[in-house]
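Notes follow once the structure below has been shown.
The values are calculated or read from the model by the stated rules, or taken from the named source; none is laboratory data. Because the structure is predicted, anything quoted here is derived from the model rather than measured. All Cβ positions, even for glycine, are placed from backbone atoms using ideal geometry, and neighbour counts span all protein chains on display. For the accessible areas, the whole protein counts, side chains as well, though only heavy atoms, and no ligand, DNA or RNA atoms are used. Shrake-Rupley method; radii C 1.70, N 1.55, O 1.52, S 1.80 Å.
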Amino acid sequence: PAVSPAPTPTVKTGGGVSKHGKLHVQGTQLCDEHGAAVELHGMSSHGIQWFPQYTTKQAIANTAAYGANLFRVAMYTGEGGYLSSPAQIKKAAYAAMDAAIENDMYVIIDWHVLNEGNPNRYSDVAKTFFAKMAQQYASYNNVIYEVCNEPCNGATWGDVKFYASEVIPSIRSYDKDAVILIGTPNWSQDVDEAVKGPVTGYDNIMYTLHFYAATNKEDLQNKLKSAADAGLPIFVSEFGICSADGNGQVDIDSANSWISLLDSYGISYVCWNLSNKDEKSALLTPACDKTSGFTYEDLSDEGKWLYGVLTSHVTPVLN
Ligand code: IDC
């Protein structure tokens, strides 16, 4: 099917770590080492316990060629993820991060809390994990820490704040200033809660908002606007353009209105997910069995749309 063109971006920021260097947060805005506002764009892996084949250097290079300067490593805690096989999953996460780093990209290590609901349930494990991660990667400007994907099932902002107060020090004991992303309640939608009592005492903290364009429209956009206007630094570390279940139908009009909004606020965004799983939120078609060297025809509806968005923000390397 035809995919309508992406909106004209208001911010054009391409270029990877060698161009932008160490990131920091100034007010609500993510900035680069030279003090310029920067937007990071890219794709998220699917769960690395299921689709590690799309986290290789070549697979990620393909996303960079589309104009992405960020890759997110979704390390599920549940569903066969880190909690059940820590050694194996940690190895997969390190491999994915190293692959992104070799491509000169920023990389998010995402502690993908989902069905666990309240991140405090496994905060001891998280603390140990993030301390090791920070120890390993503190000298790289590439790494962004996402301490909990989506608090849900009744986890409150108070719960998340408590969790953050436990986990942030283990990162900061090795990495003094890398950007840290904190999830918000209700599947990372309630940025209005974070606005009422942001985490204090640390620099370079941002709060995540996640949306799925066919499900989340004006209400959530208004939440984003109010929170950003009130001074909350927001990062869209995950979004899709289909329904929130990762399937259903893509909604291109809603997707485009989200991108225009994010661009107007200079907010960075990461699209879910780089895989060929038979679901609408997968960026590759189920028929594509390549794990790199993807062509336009290999892209799903969401993939083609994202290609338009990414290439409109930078001068593409590929055609
Ligand atoms: C979905 C995947 C799907 C998988 C499911 C369960 O697309 O293949 O079976 O997780 O783990 C999120 C989550 C993200 C979800 C995605 C779509 O962060 O893990 O992925 N979603 O449901 N939040 C809102 C939507």
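Observations on the model:
- Glu238 vs. criteria under 29 Å from Gln58 (Cα atoms) and crowded, with 22+ Cβ neighbours inside 10 Å: yes
- The stretch 200-211 residues that are open to solvent by less than 80 Å² (accessible area, probe 1.4 Å), paired with ones that are acidic (Asp, Glu) (beta carbon under 6 Å, 6 or more apart): Asn204/Asp177; His210/Glu238
- For Asp263: the one exception among (1) in contact with a Cys (Cβ under 8 Å, 6 or more places away or on another chain); (2) open to solvent by less than 10 Å² (accessible area, probe 1.4 Å): (1)
- Residue count for the stretch 151-198 satisfying the condition of being of a type in the set (A, V, I, L, M, F, W, C), within 16 Å of the ligand (Cβ to nearest atom) and assigned to a loop (DSSP other than H, G, I, E, B): 2.
- Condition broken by Phe162, with the remaining ones in (1) more than 22 Å from Leu23 (Cβ to Cβ); (2) touching a Phe, Trp or Tyr at 6+ places or on another chain (Cβ under 7 Å) satisfied: (2)
- Number of positions in the stretch 89-148 that are within 16 Å of the ligand (Cβ to nearest atom), crowded, with 19+ Cβ neighbours inside 10 Å and outside any helix (DSSP H, G or I): 12
- All positions within the stretch 290-317 that are assigned to a helix (DSSP H, G or I), open to solvent by less than 30 Å² (accessible area, probe 1.4 Å) and either out of contact with any Lys or Arg (no Cβ under 9 Å at 6 or more places or on another chain) or at pLDDT 95 or above (or both): Asp298, Glu302, Gly303, Trp305, Leu306, Gly308, Val309, Leu310, Thr311
- Residues within the stretch 61-88 that are within 16 Å of the ligand (Cβ to nearest atom), under 16 Å from the mean Cα position of the chain (by Cα) and open to solvent by 10 Å² or more (accessible area, probe 1.4 Å), tallied: 1
- Scanning the stretch 222-256 for residues that are small (Gly, Ala, Ser) and either without any contact (Cβ under 8 Å) to a residue 40 or more places away in the chain or within 12 Å of the ligand (Cβ to nearest atom) (or both) yields Ser226, Ala227, Ala230, Ser237, Gly240, Ser243, Ala244, Gly246, Gly248.
- Within the stretch 11-47, if we keep just the residues that are part of a strand (DSSP E or B) and polar (S, T, N, Q), the residue that is farthest from the ligand (Cβ to nearest atom) turns out to be Gln26.
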